[in-house]
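Read the structure below first, then the notes.
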Amino acid sequence: MARVFCIANQKGGVGKTTTTVNLAAGLARVGQRVLVVDLDPQGNATMGSGIDKRTLELSVYDVLLENATIAEARQRNDQVGYDVVGANRELAGAEVELVDLERRDRRLKGALVAANDQYDFVLVDCPPSLSMLTLNGLCSAHGVIVPMQCEYFALEGLSDLVNTIKQVHANLNPDLKIIGLLRVMFDPRITLQQQVSEQLKTHFGNKVFDTVIPRNVRLAEAPSYGLPGVIFDPSSKGAQAFVAFAQEMVGRIDLM
């Protein structure tokens, strides 16, 4: 049975897509079967997985409108080791088209049921807003992984996200919960980041993942080569941290 996780944060620029593709590559590296679903019209997770969003014949847009199944829309890049249901600008139109449709917030959940036994993990890369696309992701997920920088503005955004997750849990998806907070782009030399990190651990306890993703140039360079950092430079500190995070995720799931 696949475990479905949204990588979500309503604040932009916090490393959601970097987390999605590198966690996927890390999980594949430790022997898991992984599917990435790109719900962001920018298609960065698609491109970052080595798949050209401009040449997609079928995308997550077709899946949401029920014109294609996951099996028909998914792409495989053997270099990264996981499957991708890609996205492109066409997806922006889905927001409007979904409004008048039945089960508009559960389209993705229905599509994933058919692929349930083919994967161990499904990672959903959400756009940085509470939109119909994000809602589809949250309604289909068992939990949310929240990547965040250790800065005070990030703490404010986190409270909004927690409230959103509580509302979805109460009204639409009783299975939904926060799996954990992942500290990303972390620089231990900055005192403020250390302070915010300690605050997170004080307030959220074991909901804060033990793994910390350091600020790393190789992770930042990797998307321009169409690869996750874990594949682009496996020896880099960032790549090694994501493989460790993948192992921690597998361990947490075993305990759930």
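The values are calculated or read from the model by the stated rules, or taken from the named source; none is laboratory data. None of these values were measured; they are calculated from a predicted model. Virtual Cβ from ideal backbone geometry, glycine too; neighbours counted across all protein chains shown.
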What number of residues within the range 223-248 are within 18 Å of residue 185 (Cβ to Cβ) and assigned to a loop (DSSP other than H, G, I, E, B)? 3
Name the residues in the range 174-193 that are free of Cβ contacts under 8 Å to residues at least 60 places away in the same chain and out of contact with any Lys or Arg (no Cβ under 7 Å at 6 or more places or on another chain), would you? 174, 175, 176, 177, 183, 188, 189, 190, 191, 192, 193
State which residue pairs qualify: first residue under 14 Å from residue 20 (Cα atoms) and inside the range 221-250, second residue of a type in the set (Asp, Glu) and surrounded by fewer than 22 Cβ atoms within 10 Å (Cβ to Cβ) in any location, beta carbons under 7 Å apart, and separation of 6 or more residues or different chains. 239/233
If you take the residues of the range 194-220 that are touching a Ser or Thr at 6+ places or on another chain (Cβ under 9 Å) and either touching a residue at least 40 places away in the same chain (Cβ under 8 Å) or closer than 27 Å to residue 84 by Cα (or both), which of them is surrounded by the fewest Cβ atoms within 10 Å (Cβ to Cβ)? 217
Residues to consider are 235, 159; find the one that is exposed (fewer than 13 other Cβ atoms within 10 Å of the Cβ), hydroxyl-bearing (Ser, Thr, Tyr) and modelled with pLDDT under 95. 159
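Just the residues that are in a loop (DSSP other than H, G, I, E, B), modelled with pLDDT of 95 or more and either of a type in the set (Phe, Trp, Tyr) or buried (at least 24 other Cβ atoms within 10 Å of the Cβ) (or both), please, taken from the range 116-135. Walk me through how you get there before you give the answer.
Step one: of the range 116-135, the residues in a loop (DSSP other than H, G, I, E, B) are 119-120, 126-131.
Filter again for modelled with pLDDT of 95 or more, leaving 119-120.
The one that is in a loop (DSSP other than H, G, I, E, B), modelled with pLDDT of 95 or more and either of a type in the set (Phe, Trp, Tyr) or buried (at least 24 other Cβ atoms within 10 Å of the Cβ) (or both): 119.
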Failed criterion for residue 35 (all others in (1) assigned to a strand (DSSP E or B); (2) over 15 Å from residue 126 (Cα atoms) hold): (2)
When residues of the range 187-243 are limited to those that are basic (Lys, Arg) and closer than 14 Å to residue 148 by Cα, the one nearest to the chain's Cα centre (by Cα): 207
Take the residues in the range 26-78 that are charged (D, E, K, R) and surrounded by fewer than 19 Cβ atoms within 10 Å (Cβ to Cβ); name whichever of them is nearest to residue 2 (Cα to Cα). 33
